[in-house]
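All remarks here apply to the structure that follows.
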Amino acid sequence: MQTQTPSPILQADRIEKRFPLEHKLIGRSRSFIYAVNGVSFRLQRGKTLGLVGESGCGKSTVGRLICALDQPDRGEIRFKGASLADMDRAAAKAYHRQVQMIFQNPYTALNPRLRVGQMLEEILKVHQLSAPNHLAERVEQCLVDVGLPAENRHRYPFEFSGGQRQRLCIARALAVQPEVIVCDEPVSALDVSIQAQILKLLQTLQEQYQLAYLFISHDLSVIYHVCDEVCIMYLGKIVEQGPVDQVFRSAAHPYTRALLSAIPTPDPKARRKRIILSGEIPSPSQPPRGCPFFSRCPERLERCRQEPPPRHHLRHDHFSDCWLHHP
């Protein structure tokens, strides 16, 4: 008997976002940057979906759209089956509580004028998640959950190290009891030894609270160790998606294979054939007519120049957008 796939807690359907290159006092701008161009994915409760790609491919913009910090120009984002576009003010406030974000730079993500306790108390008050006489207790519990002593509530952010500040960012996101957390390069600004501690903390919290993570990163080694599924982005599009083990073991898209070939290996005697990409990256203001990877692809076909590649399902849950898999 075939088991039914559970409904996703969060779903993006062909979302698009563009930004004007210039602003005019009269009339509309005709030149745009296409940051996100038809991105779709599903995020299951208690799972981690990785979003990987070069700088400028649209990863962080997807994260901002999911957190409703920006609005998509086209497409739809659904949370527990309900569309964000149909939410009223009360539902939108609840959504902002249930979907939180951990930003990349812990040095600029915290208000330097507020003590840690004041910062967390303010969040709890806004969302009415604690009675006034229990605020201090809730704040201390948030700090303990991320591995910081409760007495740190009286300190300012500048008194903490980079790793400790990122723990404070996690505590702030965790304080409102979210169900989804968007992790936007949460360890890229930290030392390697501290990265391992933060990643272990995120995994522990996920198991404890059944959190769903959208994990944005350019580090494939991190993605492999923390994610259940991975999406490979290039020029605003997802070119390959699937379970992380399948994608890393049998990557189908030439761009994915090039990224995997650049992962350092700890064995100095090991040899890995590096795929060096040449050619120019297309302008996001003038996306190519056919495959977005055509100008840099070492295996390109002539039809790749003119026709957008169709989606090819390699397995039930692993697909790639590439003409190489079609007759």
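The values are calculated or read from the model by the stated rules, or taken from the named source; none is laboratory data. Keep in mind that what you see is a predicted model, and the values were worked out from it rather than measured. Every residue, glycine as well, gets a Cβ built from its backbone with ideal geometry; the counts of neighbours run over all protein chains shown.
Quickly run through region 7-52 and pick out the residues that are basic (Lys, Arg), assigned to a strand (DSSP E or B) and modelled with pLDDT under 95.
Filtering region 7-52 down to residues basic (Lys, Arg) leaves 14, 17-18, 24, 28, 30, 42, 45, 47.
Now drop any that are not assigned to a strand (DSSP E or B), which leaves 14, 17-18, 42.
Passing the criteria: only Arg18.
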Looking only at residues that are closer than 18 Å to His154 by Cα and acidic (Asp, Glu) in region 83-127, which one is surrounded by the most Cβ atoms within 10 Å (Cβ to Cβ)?
Glu121
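Being in contact with a Gly (Cβ under 9 Å, 6 or more places away or on another chain) and not aromatic (Phe, Trp, Tyr) is true for just one of Ile194, Ile275. Which residue is that? First the steps, then the outcome.
Numbers: Ile275 fails: in contact with a Gly (Cβ under 9 Å, 6 or more places away or on another chain).
Among Ile194, Ile275, only Ile194 is in contact with a Gly (Cβ under 9 Å, 6 or more places away or on another chain) and not aromatic (Phe, Trp, Tyr).
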Just to be sure I understand the filter: pairs with C-beta atoms under 9 Å, separated by 6 or more residues or on different chains, first member in region 73-92 and without any contact (Cβ under 8 Å) to a residue 12 or more places away in the chain and under 15 Å from Leu10 (Cα atoms), second member among the aromatic types (Phe, Trp, Tyr) and outside any helix (DSSP H, G or I). Which pairs pass?
Met87/Phe79
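Hey, among Glu159, Glu54, Glu76, which residue is in contact with a Ser or Thr (Cβ under 7 Å, 6 or more places away or on another chain) and of a type in the set (Asp, Glu)?
On the way: Glu159 fails: in contact with a Ser or Thr (Cβ under 7 Å, 6 or more places away or on another chain); Glu54 fails: in contact with a Ser or Thr (Cβ under 7 Å, 6 or more places away or on another chain).
Of Glu159, Glu54, Glu76, the one residue that is in contact with a Ser or Thr (Cβ under 7 Å, 6 or more places away or on another chain) and of a type in the set (Asp, Glu) is Glu76.
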Going through (1) farther than 15 Å from Leu205 by Cβ; (2) touching a residue at least 60 places away in the same chain (Cβ under 8 Å); (3) assigned to a loop (DSSP other than H, G, I, E, B) one by one, Val176 fails only at (1)
If you check Thr108 against the conditions, is it within 26 Å of Arg311 (Cα to Cα) and either of a type in the set (Phe, Trp, Tyr) or not in a strand (DSSP E or B) (or both)?
no
Taking region 28-51 as the region of interest, how many residues are touching a Ser or Thr at 6+ places or on another chain (Cβ under 7 Å), of a type in the set (Val, Ile, Thr) and either without any contact (Cβ under 8 Å) to a residue 40 or more places away in the chain or within 16 Å of Ala12 (Cβ to Cβ) (or both)?
1
Restricting the search to region 227-259, which residues are over 30 Å from Phe19 (Cβ atoms) and within 19 Å of the chain's Cα centre (by Cα)?
Asp228, Pro243, Val244, Asp245, Phe248
Anything in region 182-199 that is in a helix (DSSP H, G or I) and in contact (Cβ under 8 Å) with a residue 12 or more places away in the chain? List them, or say none.
Ile194, Gln195, Gln197, Ile198, Leu199
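Can you give me the ranges of the helices (runs of 4 or more DSSP H) entirely in region 200-289 with at least 3 residues that are of a type in the set (Val, Ile, Thr)?
Values: elements: 220-226, 244-249, 254-261.
Passing ranges, in order: 220-226.
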Only one of Arg311, Arg300, Arg296 is in contact with a Leu (Cβ under 8 Å, 6 or more places away or on another chain) and of a type in the set (Lys, Arg), namely Arg296
Might you check whether a residue that is farther than 30 Å from Gln177 by Cβ, among the basic types (Lys, Arg) and assigned to a strand (DSSP E or B) occurs anywhere in region 308-318?
yes
Could you list, in sequence order, the residues of region 68-105 that are over 16 Å from the mean Cα position of the chain (by Cα), on the phi < 0 side of the Ramachandran plot, of a type in the set (D, E, K, R) and outside any strand (DSSP E or B)?
Asp73, Asp86, Asp88, Arg89, Lys93, Arg97
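Among the candidates Gly162, Gly147, which residue alone is surrounded by fewer than 20 Cβ atoms within 10 Å (Cβ to Cβ), on the phi > 0 side of the Ramachandran plot and touching a residue at least 12 places away in the same chain (Cβ under 8 Å)? Steps first, please.
Details: Gly162 fails: on the phi > 0 side of the Ramachandran plot.
Among Gly162, Gly147, only Gly147 is surrounded by fewer than 20 Cβ atoms within 10 Å (Cβ to Cβ), on the phi > 0 side of the Ramachandran plot and touching a residue at least 12 places away in the same chain (Cβ under 8 Å).
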